[in-house]
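The values are calculated or read from the model by the stated rules, or taken from the named source; none is laboratory data. It should be emphasised that the depicted structure is a prediction, and the values quoted were computed from it without experimental measurement. Don't worry about glycine lacking a Cβ; one is built from the backbone with ideal geometry, like all the others, and counts go over all protein chains shown.
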Amino acid sequence: METRKLGRTDLFVAPIVFGGNVFGWTADEKTSYALLDAFFGAGFNTIDTADVYSRWVPGNKGGDSEEIIGKWLKQSGVDRDKAIIITKVGSDMGSDKKGLKANYILQAVEASLKRLQTDYIDLYLSHWPDPETPHEESLAAYAKLKEQGKIRHVGCSNLNAEQLQASLDAAAKAGLPRYDVLQPEYNLYARDSFEGPLADLCVRQDIGVITYFSLAAGFLTGKYRTKADTEGRARENRVAAYLDDKGLHILAALDKVSAETGSKPAEVALAWLLRKRGVTAPIASATSLSQLDALINSAKLTLSDEAMALLDKAGE
């Protein structure tokens, strides 16, 4: 399978990154193993998770997703150097465990390594901006971890263009590793925060981009057409927010392109991202093998310029 170089790192990721937020939440351990087996069996190589996944679930403590991935790595037979593991630090883990202070990063990485049952993390991300901590402090901690071989590369999530530029300036001035990868929210519905100055900066600085909420919490699969469709779902409130005129126009465009290409709406929505300027690969989750098929098929789908223009206009 064709892979894409992730910015200035030496990582080559397959076109779709598996979103591990579902592990231990909407996918139990057994299902998670089956999904990962099938995903890697199809030639894909990258899993995205975070220390906080899935602390929001009653009975979960955080680190649940990392633990499942670690167990799977041990029992799957997949060579560790053939799997790219992305995880994050900074979200609230309780007991004042949060943020990007150097001391906390150095503690949190040890917990993630233990849960993942590995001695290194391929890509370690600052999950959220931390206005109380200078970029230099966080980047110095990452530099130390790189020197120790505990992380290979550093990235960030949820930074805007001004924040990302400030981090790049701080890294250059202090001679520290910069953020080489950005993880922004970006999909057919939510475009404004990435398109424009942030995308321009990533392209100009050769920063890899892996998008989250690529399917808008499942809305872009087309299975939610009315508010009644969302009731009782894990992301009921978030999905319901997309059911406005803009969202319905996007679904209509997805339906048209799906009919023309013989593809599912989810496949079209991910294929749209794969053609967007600056995007390396979208993150997408699945909780069943049938959903996983859509992720796999999207990597084989190339949309025409006409289809791209139709989808672009629908989401304006």
In segment 60-110, how many residues are in contact with a helix residue (DSSP H, G or I) (Cβ under 7 Å, 6 or more places away or on another chain), more than 28 Å from A143 (Cβ to Cβ) and buried (at least 19 other Cβ atoms within 10 Å of the Cβ)? 2
From the option list D206, D180, single residue qualifying as over 21 Å from G247 (Cβ atoms), of a type in the set (D, E, K, R) and within 15 Å of the chain's Cα centre (by Cα) is D180
Condition set of a type in the set (A, V, I, L, M, F, W, C) and either part of a strand (DSSP E or B) or within 22 Å of the chain's Cα centre (by Cα) (or both), scope segment 148-168, selection farthest from D200 (Cα to Cα): answer is I151
The strands (runs of 3 or more DSSP E) lying entirely within segment 34-147 that contain at least 2 residues which are among the small types (G, A, S), modelled with pLDDT under 95 and within 23 Å of N160 (Cβ to Cβ) are none
Mind listing just one residue for me: the one in segment 1-57 that is of a type in the set (D, E) and crowded, with 21+ Cβ neighbours inside 10 Å and, of those, farthest from the chain's Cα centre (by Cα)? D51
For segment 292-316, give me each residue that is closer than 25 Å to A27 by Cβ, touching a residue at least 12 places away in the same chain (Cβ under 8 Å) and assigned to a helix (DSSP H, G or I). L292, A294, L295, I296, N297, S298
Of residues in segment 182-200 being assigned to a helix (DSSP H, G or I) and in contact with a Gly (Cβ under 9 Å, 6 or more places away or on another chain), the one nearest to K313 (Cα to Cα): A199
Does I105 satisfy the condition of being in contact (Cβ under 8 Å) with a residue 40 or more places away in the chain and not aromatic (F, W, Y)? yes
Which of the residues that make up segment 114-139 are hydroxyl-bearing (S, T, Y) and surrounded by fewer than 21 Cβ atoms within 10 Å (Cβ to Cβ)? T118, Y120, T133
Tell me which residues, restricted to segment 160-208, are in contact with a Leu (Cβ under 8 Å, 6 or more places away or on another chain) and of a type in the set (K, R). R178
Return the pair list, or none, for Cβ contacts closer than 9 Å from residues in segment 124-139 that are closer than 11 Å to A50 by Cα to residues that are among the acidic types (D, E) and part of a loop (DSSP other than H, G, I, E, B), at least 6 apart or on different chains. H127/D51
